[in-house]
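Since the structure comes first, as structure tokens, the remarks are kept for the end.
The values are calculated or read from the model by the stated rules, or taken from the named source; none is laboratory data. What you see is a predicted model, and the numbers here were worked out from it, not measured in a lab. In this analysis, Cβ positions are derived from the backbone assuming ideal geometry, glycine residues included, and neighbour counts consider all displayed protein chains.
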Amino acid sequence: MTDATSGVGTSQPPRKASLLELDARTKKRNAAEARFRTYGLVAVCAGLVALVVLMGSIVNNGAGAFSQTFVTLQVELPADRLDKSGNRNPDEMRAVSTFGYSPLIAAAVVRSLEENGISIEGLSAKDAGGIISKEAPAQLRNFVLANPQTLDTTREFTFLANGRIDGYYKGRVTFASAEVDKNVSPAQLQLADALLEIGVLESKFNTLFFTAPDASGQRPEAAGLGVAIIGSLYMMLIVLALALPIGVAASIYLEEFAPKNRLTDLIEVNIANLAAVPSIVFGILGLAIFINFAGLPQSAPIVGGLVLTLMTLPTIIIATRASLKSVPPSIRQAALGIGASKMQSVFHHVLPLAAPGILTGTIIGLAQALGETAPLLLIGMVAFVREFPAGPPQGFFDPASALPVQVYNWTQRSDPAFVERASGAIIVLLVFLILMNAIAVLLRRRFERRW
Amino acid sequence: MNDMRFTERNVDSTEIKIRAKNVDVFYGETHAIKGVDVDIPEKTVTAFIGPSGCGKSTFLRCLNRMNDTIDTCRVTGDIKLDDEDIYDKRVDPVQLRAKVGMVFQKPNPFPKSIYDNVAYGPRIHGLAGNKAELDQIVEKSLRRAALWGEVKDRLDAPGTGLSGGQQQRLCIARAVATEPEVLLMDEPCSALDPIATAQVEELIDELRARYSVVIVTHSMQQAARVSQKTAFFHLGELVEFGETGAIFTKPEDPRTESYITGRIG
Ligand SMILES: Nc1ncnc2c1ncn2[C@@H]1O[C@H](COP(=O)(O)OP(=O)(O)OP(=O)(O)O)[C@@H](O)[C@H]1O
Ligand SMILES: [Mg+2]
């Protein structure tokens, strides 16, 4: 001890260093800090670039889904072909299938050409009708069956253009590709251009993308997200209605009331593990329990909602417990100290303070559930569903689709127009997620301002 | 002076409010309180003094069963409030705590408005029939805690926005608003300036007219000023308990003497 002090004291008098020049150690420290900052910056930039590329490609691919080419035509509705018995009875008129309606549409196209004095070489009447979506005859038939009195009149209809024609205006189809494409001919493209010039054909915002149900592989232009949005909405309602109360009640019990013993430790570990279980396992569980054992219908939002609830519960419980833990114990003591019961102390004081955290956890859980695909594939929500489910609560048991599954579904189809649809659906999904997160942020601000 | 003697006589004539016999407290394996017997009289201020960690707060928390909220804590022995065992199975600690209020060592206002802080107790115990009555209780409690003048214009402001000393007085107002029969105060003045301390001491003296007050303090002067009875704790044991004057002038135990004169602690 004395040696050390005397050694320092006598051998070297403290060196007088200038503050204006850095010593070696400081330089080294500063260099290390600068290096670390650079790494950090590079990492952030890499992340940003990846995000921008991803978003860019999705928007680039998917923006087209929000506009669509429509053709407006005057269609004659001859009674002798559509209502052979002449009774205007929709049940009898059903005998005429969509094949009976498609010539009417083709004729309408030809007539509009003639009226405007356009002639295109090598274009048959059937080809002229081919620029209209295969969905159009069904649309026409539904209209006529619903309004039999309109027979023998000429009405204006706005039909979807065929997917290839639509693709021509989105750059997917060219004259060169049309040469070798058996679904579209160069003459049809010429026809479309001519119709565009006279204003019969136009591109508009595509509300059908949000409201229409899915369509078969031959008619990508008609495919929409209607059923998927409703299915996802139903499932979110179920998840919210089940996971939030169950999760919050379980967390409050575990955090505030349960005795701390082996059993509660075990439960805690299990909940943490449950959060890490791959989602597809929940799908198998749902298939085994809800469909095979409980006999709930396949493809139904109720089953999807239950499975997603199971999946979301651990997330909500963990977030809720964390935010309950972060409430200072002195608040609980203060409440107990003036004679509040445990329950009053929790509900009057602890829970309001924990609410922002609980809300954030819940919305993050919901957002996860909204984007979840794998478990839904297993319980049959991947089915092709064109029927809209009924209103809740019966609708929970009707077959439906879901947004992420619809994306998956569309990427499986061969027609390139579905790539655009899938990307469009991803954009819709992302917008929903951003909205949910914005709501979470807003609610949190709201709650935090209270104290 | 005359007044002083009057209150001292008053002490002797009143009955015992809390009677603790052979109380032991364990935190897991730690033996924090060892066989303590204390009789806390009615309408008196009793001071608990002793070095840090000797178990003053622990014993105080036994008196309103706040120790129940600590998982590892185990209390044995016999504590009676008005001759009723407060650790009896039939006693609901919630009901007990409404009678035996507490002010904590660290100020802990609710993160709500000043008004709501004070009104919370009366609300949950149904002490006010209507809004006007509640307003009255809030004002009276804040006045008694010597805080009314400072906050009367901002009752809607958050209680957590007050200064440390104001927060502590808010906690005192909150505790007296429920009209407890016994008020336990754990170093209520440790965060206060001399003026606020004097105001709180005045309040304590005033409360004595109706309640029994138990105050933990590290300030000998404060104990001497406000209390009629003093208990000296050391390492979990009750070393000496008696009239404040007697403890401070002629302590019986050498440990008490060394603590008071500043040799241990
Ligand atoms: N929650 C707890 N868990 C475990 N041990 C505790 C707990 N609270 C207090 N103790 C222990 O009990 C003993 C007495 O503590 P207590 O808080 O009663 O002391 P105190 O006299 O109030 O001290 P101070 O004057 O510093 O507030 C100490 O040894 C302390 O470590
Ligand atoms: Mg203490």
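For this structure, a couple of remarks:
- With a requirement of 2 or more residues that are among the charged types (D, E, K, R) and either in contact (Cβ under 8 Å) with a residue 12 or more places away in the chain or in contact with a Ser or Thr (Cβ under 8 Å, 6 or more places away or on another chain) (or both), the helices (runs of 4 or more DSSP H) lying completely within the stretch A:147-218 that satisfy it span A:163-169.
- Single residue of the stretch B:52-66 satisfying the filter (more than 11 Å from chain A (Cβ to nearest Cβ) and away from ligand 2 (no atom under 11 Å from the Cβ)) that is surrounded by the fewest Cβ atoms within 10 Å (Cβ to Cβ): B:Leu63
- Long-range neighbours under 8 Å by Cβ, at least six apart or interchain, first residue over 21 Å from B:Ala209 (Cβ atoms) within the stretch B:42-66, second of a type in the set (S, T, N, Q) and in a helix (DSSP H, G or I): B:Thr58/B:Asn67; B:Arg61/B:Asn67; B:Met66/A:Gln333
- Enumeration of residues in the stretch B:25-62 that are within 8 Å of ligand 1 (Cβ to nearest atom) and among the hydroxyl-bearing types (Ser, Thr, Tyr): B:Tyr27, B:Thr30, B:Ser52, B:Ser57, B:Thr58
- Restricting attention to the stretch B:129-149, the residues being assigned to a helix (DSSP H, G or I) and surrounded by fewer than 17 Cβ atoms within 10 Å (Cβ to Cβ) number 9.
- Any hit, the stretch A:108-127, residues being hydroxyl-bearing (Ser, Thr, Tyr), within 30 Å of A:Arg172 (Cβ to Cβ) and part of a helix (DSSP H, G or I): yes
- Scanning the stretch A:273-297 for residues that are outside any helix (DSSP H, G or I) and either among the β-branched types (Val, Ile, Thr) or over 21 Å from the mean Cα position of the chain (by Cα) (or both) yields A:Ala276, A:Val277, A:Ala294, A:Gly295, A:Leu296, A:Pro297.
- The stretch B:94-122 - residue that is crowded, with 18+ Cβ neighbours inside 10 Å and basic (Lys, Arg) and, of those, nearest to the other protein chains (Cβ to nearest Cβ): B:Arg97
Per-residue answers, yes or no, for (1) touching a residue at least 60 places away in the same chain (Cβ under 8 Å); (2) in contact with a Leu (Cβ under 6 Å, 6 or more places away or on another chain); (3) of a type outside the set (D, E, K, R); (4) not in a helix (DSSP H, G or I):
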{"position": "A:Leu377", "(1), (2), (3), (4)": "yes, no, yes, no"}
{"position": "A:Ala400", "(1), (2), (3), (4)": "yes, no, yes, yes"}
{"position": "A:Asp415", "(1), (2), (3), (4)": "yes, no, no, yes"}
{"position": "A:Gly424", "(1), (2), (3), (4)": "yes, no, yes, no"}
{"position": "A:Phe432", "(1), (2), (3), (4)": "yes, no, yes, no"}
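- Qualifying residues in the stretch A:314-370 (those that are at the interface with another protein chain (Cβ under 10 Å from one of its Cβ atoms), assigned to a helix (DSSP H, G or I) and of a type in the set (A, V, I, L, M, F, W, C)) - the one nearest to the chain's Cα centre (by Cα): A:Leu353
- Between B:Val75, B:Val91, the distinction of being away from chain A (no Cβ under 12 Å) and at pLDDT below 90 belongs to B:Val91 only.
- Only residues that are free of Cβ contacts under 8 Å to residues at least 12 places away in the same chain and either crowded, with 20+ Cβ neighbours inside 10 Å or within 16 Å of ligand 1 (Cβ to nearest atom) (or both) were counted in the stretch B:193-230, giving 0.
- Qualifying positions in the stretch B:168-184 - within 18 Å of B:Ser212 (Cβ to Cβ) and within 11 Å of another protein chain (Cβ to nearest Cβ): B:Ala175, B:Val176, B:Ala177, B:Thr178, B:Glu179, B:Pro180, B:Leu183, B:Leu184
- For first residues located in the stretch B:178-192 and within 23 Å of B:Ala128 (Cα to Cα), partners that are within 16 Å of ligand 2 (Cβ to nearest atom) and lie 6+ apart or on another chain with Cβ distances below 8 Å form the pairs B:Val182/B:Leu63; B:Val182/B:Asn64; B:Val182/B:Val214; B:Leu183/B:Met102; B:Leu183/B:Val103; B:Leu183/B:Val214.
- Matching residues, the stretch B:166-177, being in contact (Cβ under 8 Å) with a residue 40 or more places away in the chain and of a type outside the set (D, E, K, R): B:Gln167, B:Gln168, B:Leu170, B:Cys171, B:Ile172, B:Ala173, B:Ala175, B:Val176, B:Ala177
- The stretch B:149-167: number of residues that are within 14 Å of chain A (Cβ to nearest Cβ) and either among the hydroxyl-bearing types (Ser, Thr, Tyr) or within 16 Å of ligand 2 (Cβ to nearest atom) (or both): 1
- The set of residues from the stretch A:378-425 being within 15 Å of A:Gly231 (Cα to Cα) and of a type in the set (Lys, Arg) comprises just one member, A:Arg386.
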